[in-house]
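First the structure, in the form of structure tokens, and then the observations on it.
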Amino acid sequence: MKYVTLLLAFIAFSLQAGFSAAEDNLITQLDSDHVDITAHFTGEQILVFGAIANKGDVIIKVTSPAQDVAMSQKVRNGPIWLDSGHISVKNTPGIMYLLSSHPINQIVAPQALTKYGLNLQSGLSSSVLEGSTQGMEDWQTAFLRLKQSKKYYKEFDNAVTVVGDRLFFAKLTLPAKLPLGEYALDTYLVRDGKVTAHQSSKLEVRQVQSELWVSNFAHQNPWLYGVSFTLLAIFIGLALGILLRRNSNKDG
Amino acid sequence: MDIFLPIAHMDVNLWLILFFGGIVGFLSGLVGVGGGFLITPLLIFIGVPPIVAVATGAAQIAGTSAGGSYAHWRLGNIDFKMGILLLCGSWLGGGGGVYLAKLLQASGQFGNIVTFLYVGLLGFIGSSMLIESLSAIRHAGTVVKKKEGGLGAKLAVWMENLPGQMNFPTSGLRASVVLIFILGGAVGVLTSLMGVGGGFVMVPVMIYMLKMPTKIVVGTSLFQLLFTTAAVAVMQAGVNHAVDPFLALILIFGSAFGTQWGTKLGMRLPGEKLRLILALVVVAVAAKMLIGLLITPHEVYSMTRSAV
């Protein structure tokens, strides 16, 4: 129901707005500019919608803040498999989704793909690999393969619906395991293989209430947190032990 | 019912975690091992980052062994004198082990050495216990003749001649303080390297080297685990920010129930059957790690998020 109302409001808005037909243009809106992570958070759906001035395809790229990951490689030594290579990959988005109205490589020319970072390989575009001097390409391929197999990097073909060459909408499904921070949400209008318009939006993923408090406490006063939580854990374990024992003695 | 974990940063099923806690608690009450070797792989399996799994496991075992220690204290199963002496040794050894771990980490061989330690040590301890407990069950009732002048007897003589002999009335034995310190220290080093509470290594040491009664071993091991894992949990929270409070609390609740059942069952079972159960668990873990070394991995590369 919420989505329908929003869409109706937007249709009215976009008809009045009246883009100049000569210039390609695009407006994007999210039904919420933040995601609140609480104890009951199990993922969220966000509606991305907007208007386009001319006929074309729409691509939405969502990237989470950059993070560092550690990678290792197993190598066969005789009959056994051992860890024998470690590197760290710095400055790559934790999550990257590409939503489009048609498969991206069918609607965008190869040069534009690289220029605007409209492929999953762009996750590595500003990365720094540390710890190994050889086999860099193998590590990069493995990085992208692992990111995709864990569904952190994913292309969603046909996930954007374009209505009457004027409006578009897409449902962005976010999983429970979300990195925190400010996400970039870029929308591209594509025609004849070229990107003709682009708009950036932001989406804030944040912890709230007790989760935020716990996480802040654990990161800002780690030793105090460690001592007090360990004491609490021992106390609760002890209390439960005494309580359960007393009950079972009564039963016996 | 799903719940979001603020430090592990993911959602988990509440009932599944309670169930995991229950299994670990049951084993802990039954044979006196903390279960770190079991809970860490289970958590990693459902997607908890490894560092959070190790750290939260330590906090959980501190809570669980507090309840378990209480139950065994009421049953008179803790040899405090022995426990505290072993603990002093294992704290010293543990401190040294942390530096050793740091050196090995720098050389890039840490992961492999840990795996070899697990397979070699657990395989050896587990299979010796398995043989011993099986033969004890078979010969139950009949007096087993001890070989004269064998290696065991020589070791016993050597141990009796060590300085600092002391009486341990709860365990009903006499042993050297120096020996207990050394054994505790060796277990401490292994604990730091293997990232487990050490019940695994400590229980066989107490049964076979110190010759303590199996039931007293279980209680004393839990008592000692409480202090070892509490120290580890504090350090993991302080250095790595990796203890997830919600995850740990759910596990503690689950294991509190498991521990009660385990302790009760442990009271009814004879010592050699308890040793057999522990031996089977140890052998199973060693076999699982050995298989992991031998089979061709599905994916040779792996990726983990660096510590936050």
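Read-outs: derived from the displayed coordinates by stated rules, not from any lab. These numbers were taken from a predicted model, which means no experiment stands behind them. All Cβ positions, glycine included, derive from the backbone under ideal geometry; neighbour counts span all protein chains shown.
Observations, loosely collected:
- The range B:192-300 shape via C-alpha gyration tensor axes, a/c threshold 1.5: oblate
- Approximate spin-label separation residue B:73-residue B:268, in nm, with each point projected 7 Å along Cα-to-Cβ: 2.7
- In this structure, the pairs whose alpha-carbon distance is over 27 Å, taken from A:115/A:202; A:154/A:194; A:55/A:177; A:55/A:115, are A:55/A:177.
- Per-residue mean of foreign Cβ neighbours for A:168-178 is 2 (Cβ atoms of other chains, 10 Å radius).
- Karplus (6.51, -1.76, 1.60) ³J(HN,Hα), θ = phi - 60°, over the range B:82-87, in Hz, Gly and Pro reported as x: 5, x, 5, 5, 4, 4
- HN-Hα J in Hz across the range B:158-164 - Karplus 6.51, -1.76, 1.60, θ = phi - 60°, x for Gly and Pro: 4, 5, 5, 8, 5, x, x
- A crude spin-label estimate for the pair residue B:239 and residue B:137, with each label 7 Å from Cα along the Cβ direction, gives 4.0 nm.
- Counting every C-alpha pair in the range B:217-279, the share spaced more than 13 angstrom apart comes to 74%.
- Peptide A:208-215 is shielded by partner chain Cβ atoms: per residue, an average of 3 of them sit within 10 Å of its Cβ.
- Subset of A:74/B:211; B:211/B:264; B:215/B:288 violating a 30 Å alpha-carbon distance limit: A:74/B:211
- Highest mean first, the peptides B:238-248, A:27-37 sorted by other C-beta atoms within 10 Å per residue fall in the order B:238-248, A:27-37.
- Altogether, the Stokes-Einstein calculation at 25 °C and 0.890 mPa s, with the Kirkwood radius of chain A over Cα pairs as Rh, returns a diffusion coefficient of 113 µm²/s.
- Taking label points 7 Å from Cα along the Cα-to-Cβ direction, residue A:158 and residue B:299 give a separation of 2.7 nm.
- The share of Cα pairs per 5 Å bin across the range A:28-115, counted from zero up to the longest distance, runs 3, 9, 12, 14, 14, 13, 11, 9, 7, 4, 2, 1, 0 percent.
- Three semi-axes describe the equivalent ellipsoid of chain B; taken as square roots of 5 times the Cα gyration tensor eigenvalues and ordered largest first, they are 32, 22, 20 Å.
- Radius of gyration and Dmax over the Cα atoms of the range B:163-215, both given in Å: 11.8, 33
- Multiplying the residue separation of residue A:223 and residue A:192 by 0.36 nm and subtracting their alpha-carbon distance yields 5.3 nm.
- Set the Cα radius of gyration of the range A:191-232 against 2.2 N^0.38 Å, with N its number of residues, and you get 2.31.
- Less than 5 angstrom separates the built amide H of residue A:204 from those of A:34, A:35, A:183, all sequence-distant by 5 or more or on a different chain.
- As a proxy for reagent exposure, ranking B:26, A:217 by other Cβ atoms within 10 Å from fewest up yields A:217, B:26.
- Solvent-free Debye scattering, log10 I(q)/I(0), computed from the Cα coordinates of the range A:125-212 at q = 0.11, 0.15, 0.19, 0.26 Å⁻¹: -0.54, -0.92, -1.18, -1.37
- Based on Cα atoms of the range B:1-75, Rg over Rh with Rh as the Kirkwood radius reads 1.00.
- Environment charge at residue A:184 (Cβ cut-off 12 Å; Lys +1, Arg +1, Asp -1, Glu -1): -1
- Mean-position separation - Cα centroids, the range B:249-308 and the range A:115-177, in angstrom: 37
- The alpha-carbon positions of the range A:83-147 define a convex hull whose volume is 104 Å³ per residue.
- Of all DSSP beta bridges in the protein assembly as shown, antiparallel share, percent nearest 5: 90
- log₁₀ of I(q)/I(0) at q = 0.05, 0.09, 0.12 Å⁻¹ - the protein assembly as shown, Debye sum with one point per alpha carbon: -0.29, -0.77, -1.14
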